[in-house]
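Taken together, the values in this text are just the output of simple stated rules run on the coordinates, not laboratory data. A quick note: this is a predicted structure, and the numbers were derived from the prediction, not measured. For neighbour counting, all protein chains shown are included, and Cβ atoms are generated from backbone atoms with ideal geometry for every residue, glycine included.
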Amino acid sequence: MDEPHVLLRARLLAEGWSDAELRRRRQSGELVAVGRGGYLPADDPRLTTAAAAHALRIESGEPLRADDSVISHVSAAVLHGLPVWGLPLGRVHRTRDRRTGGRRTPTAHLHTAPLDAEDVTSIDGRLVTAVARTLADIGRTEGFEQTVVLADAALHRRLLDAAALRRVLARTSGWRGAPPARRALGFADGRSESVGESRSRVAILRAGLPVPDLQWEVSASHAWLGRVDFAWPGVVGEFDGRVKYGKYLRPGQDAGDAVFAEKQREDRIRDEGLRVVRWVWDDLRWFGEVAERLRRAFAAAR
């Protein structure tokens, strides 16, 4: 069943509501304001997710909306369904094909920049920057790690290919922020399967460790043992996100069964003479200890 649309003030007033009634329902907690002149019931589950709430603000409209603009930057990433880890979601972003006239408020940012036909697509009737252009714009304005997370996901989901990235980078090569965008998008790899794996790749790079192989298949003489997230000669690395244990549960299994099965799998990998290093979400904030464990494993595997 389709989720309900945002209740727009103009439509509610046309249907006989009054501003006083809207105000009372907001004060009682029955309605929550979403964006400019948009409302939803307070128990709408989309309000609990930052990306979903941002999409609702896009639907309700924003003060800097312009008829000749398209949804862009992080707002476009939200509509494309990409993981917007670490990106600020307080402002709705739009871009118009002009040289000047950009503006910014606490809730909206209107950018000005050239827009080619290849840079624009449509999602549910809204004009939005295409995936490649969205990644280039975010790469020019946001951090390396956040851009890598987005680009890895886009490539993994086959929302674009490397050729599309090269074309958009060529078109924006002289723009402000183009060098960091080129670096982040050049580092992207569609074999990365999650935000945690993408962040791990960045952490490995920043620690000065050797570049790992991704999704490496481990086979023994008697059986295929599965894939590991990262691999170096004699060493494998696994990002241990909680979701991993629930993602591939067989009928009748619970999370404890999956954890036990993963432990058995790791034991079999070690039996093949490979050293296993694991890390979790908290380790990605301060990767130094994991980096040292990896270096010790490299030295022991020689």
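Normalising the average separation of contacting C-alpha pairs (under 8 angstrom, six or more residues apart) by the number of residues puts the relative contact order of the stretch 61-190 at 24 percent.
With the convex hull drawn around the C-alpha atoms of the stretch 61-190, the volume per residue stands at 98 Å³.
Considering only Ala162, Gly186, Pro106, and ranking their Cα positions along the charge dipole of the stretch 61-190 that arises from unit charges at the beta-carbon of Lys, Arg, Asp and Glu, the one farthest toward the positive end is Pro106.
Could you calculate the contour length gain from Thr100 to Ala207, that is, 0.36 nm times the residue separation minus the distance between their Cα atoms, to one decimal place in nm? Please report the intermediate quantities before stating the final value.
On the way: separation 107, 0.36 × 107 = 38.52 nm, distance 4.08 nm.
Extra length from Thr100 to Ala207 when fully extended: 34.4 nm.
Consider a paramagnetic label point 7 Å from the Cα of Asp68 along Cα→Cβ; state which residues of the stretch 111-125 have an amide N under 13 Å from it. From the stretch 111-125, the list is 112-115.
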